[in-house]
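Some notes on the structure that comes next.
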Amino acid sequence: MNGDSRIGPSLDGIINRRIRLVKDYVYSEPLEKARGNWTSGKLNKFMQDPQKMYPGTSMQFSMPLENYERRAILRYLSGIKTIPAEEDKN
Ligand code: HEM
């Protein structure tokens with residue numbers, strides 16, 4: 001995986017990525033318990049209200065996003081799957 005985690009985990013290749021995949025990132029308990037993959041539909045809902053989807057998650061939004069903004073973010077995220085560097089292959 002490329003891309004560093006900062007406040008949140010790296011979102012490199014997040015669309016259809018397994019939930020809580022980033023190994024060096026310490027997730028909150030609600031995300032630790034979560035199962036499944038980040039489909040674009042799920043991401044869209046999560047962005048609308050992270051706390052509603054995973055109550056107690058450390059991801060918080062103070063400002064609601066508009067529909068078109070979420071669509072633009074999803075479009076952006078679908079384009080940032082980086083090609084793994086040589087040392088990342090196993
Ligand atoms: C629209 C932009 C954003 C999107 C699409 C997004 C998406 C995500 C996703 C999908 C995860 C879970 C990743 C995984 O399962 O590996 C996550 C986690 C997280 N994000 Fe965001 N995020 C956004 C903005 C932010 C912002 C602005 C902050 C804080 C300033 C933030 C803080 C966090 C934190 C702290 C976590 C870890 C949550 C936990 O462990 O409960 N995110 N984010």
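Rule-based calculations on the coordinates, nothing more; no lab input. No experiment lies behind these values; they were computed from the predicted model shown. Heads up, the Cβs are rebuilt from the backbone with ideal geometry, glycines too, and the neighbour counts pull from every protein chain shown.
Entry remark, region 51-82: residues being surrounded by fewer than 10 Cβ atoms within 10 Å (Cβ to Cβ) and among the aliphatic types (A, V, I, L, M) number 1 in total.
Taking region 16-34 as the region of interest, how many residues are more than 9 Å from the ligand (Cβ to nearest atom) and in contact with a strand residue (DSSP E or B) (Cβ under 9 Å, 6 or more places away or on another chain)? Break it down into steps so the answer makes sense when it comes.
Initial filter on region 16-34 (more than 9 Å from the ligand (Cβ to nearest atom)): 16, 23-24, 33.
From what's left, in contact with a strand residue (DSSP E or B) (Cβ under 9 Å, 6 or more places away or on another chain): 16.
Counting residues in region 16-34 that are more than 9 Å from the ligand (Cβ to nearest atom) and in contact with a strand residue (DSSP E or B) (Cβ under 9 Å, 6 or more places away or on another chain) gives 1.
The number of residues in region 1-42 being in a helix (DSSP H, G or I) and loosely packed, with under 13 Cβ neighbours inside 10 Å comes to 4.
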